[in-house]
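Contents: one structure, followed by commentary.
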Amino acid sequence: MSRCPGLLAACLISIAGGCDRMPGAALPERMADAPAPDTFQSLYATNCAGCHGADGTHAPARALRDGAYMAAVDDAYLTRVIADGAGLMMPAFAASQGGGLAPEQIQILVAGMRRGFAVPGVRVTMPGVFPGGGDVQRGQAAFASACASCHGNDSDGGEAGCVTSADFLRLVSDQALWTAVVFGRTDLGMPGAAGPFGQRVAPLSLQEARDLVAYLASLRPNY
Ligand code: HEC
Ligand code: HEC
């Protein structure tokens, strides 16, 4: 039984619970009467900033102002995530899915993220979308060498909080684990696959990154 508290989930639940309306939910009638022209800034501030940060960093959900991450995902992926939501914690925003955004508004968001959050010239070798596969045993070994120095092990969360607890993992998708491992949370002091990881010097290989996601996913409860 894990004793380490789950990271992030509690934070996000409190954000969602503290709002008058869930981000992405349909706007009240009176606001729809006189629509102001949509800008990236207004759409992002209204729909995304609460979870991803006002400037795209330093928030509970992953940094979007992240040159490596933005270089690794294409517009079609970003459009799909915004429209359909992600995992259990990010709502769908497409009006066709019960959200509050029209396709043109989603396009404004994607174009604005490209303009404002991407860094021209950044090259990445790892895929942005989780390719699947991975070996649980090898992932456990990689966790001990690359992650435990900050995240501890199953009985002790470590300084950066616990990422092996069932409470955390049941709310977080494999895709979110993948992007955490590959691109890190450099805004919060977590390295991406290039490291450094404390004692360990070598960067994570593509296979090790897949193994790590397989290992963490194996700790997720099946209910
Ligand atoms: C209620 C909180 C919340 C809101 C609001 C929200 N997100 Fe998210 N977002 C998340 C979480 C949590 C995840 C990771 C979910 C998972 O995969 O488990 C996520 C995932 C993502 C991803 C994919 C990250 C990856 O790992 O590939 C993108 C891109 C994204 N969000 C963009 C946006 C944009 C743009 C908006 C505004 C339209 C938005 N989000 C609004 C919480 C939120
Ligand atoms: C140098 C310290 C450090 C190392 C090494 C490290 N992390 Fe992190 N990690 C952090 C910090 C700090 C956070 C942000 C914690 C918070 O949100 O309060 C974080 C967050 C996370 C998250 C949550 C992702 C999110 O979007 O908030 C996951 C999952 C994670 N780490 C997994 C890993 C894995 C797997 C490894 C090994 C490959 C690893 N970390 C290595 C410091 C580290």
**Message:** If I model a spin label as a point 7 Å beyond the Cα along the Cα-Cβ vector, how far apart are those points for Leu188 and Ala76 in nm?
**Reply:** 3.1 nm
**Item:** Net charge contributed by nearby residues that have their C-beta within less than 9 Å of Gln207 (K/R +1, D/E -1)
**Value:** -1
**Message:** Are there any trypsin sites (Lys or Arg not before Pro) in region 69-138 that are in a DSSP loop and have at most 12 other Cβ atoms within 10 Å? List them by number.
**Reply:** Arg123
**Asked** For the modelled label position 7 Å from the Cα of Arg220 along Cα-to-Cβ, which residues of region 56-91 have backbone nitrogen atoms closer than 16 Å?
**Response** 85-91
**Complete:** Per residue, accessible area of region 175-223 with a 1.4 Å probe, heavy atoms of protein chains only, in Å², comes to 48 Å²
**Prompt:** Which one of Ala166, His151, Ala214 has its Cα pushed farthest toward the positive end of the charge dipole of region 136-218, where Lys and Arg give +1 and Asp and Glu give -1 at the Cβ?
**Reply:** Ala214
**Fill in**
Looks like region 136-218, by Cα gyration tensor root eigenvalues a ≥ b ≥ c and the a/c under 1.5 rounded cutoff (else prolate when a/b is bigger than b/c, oblate otherwise), is rounded
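The values are calculated or read from the model by the stated rules, or taken from the named source; none is laboratory data. Quick caveat: nothing in here was measured; it's all calculated off a predicted structure. For neighbour counting, all protein chains shown are included, and Cβ atoms are generated from backbone atoms with ideal geometry for every residue, glycine included. Ligands, DNA and RNA are excluded from the accessible area calculation, which covers all protein heavy atoms including side chains. Shrake-Rupley method; radii C 1.70, N 1.55, O 1.52, S 1.80 Å.
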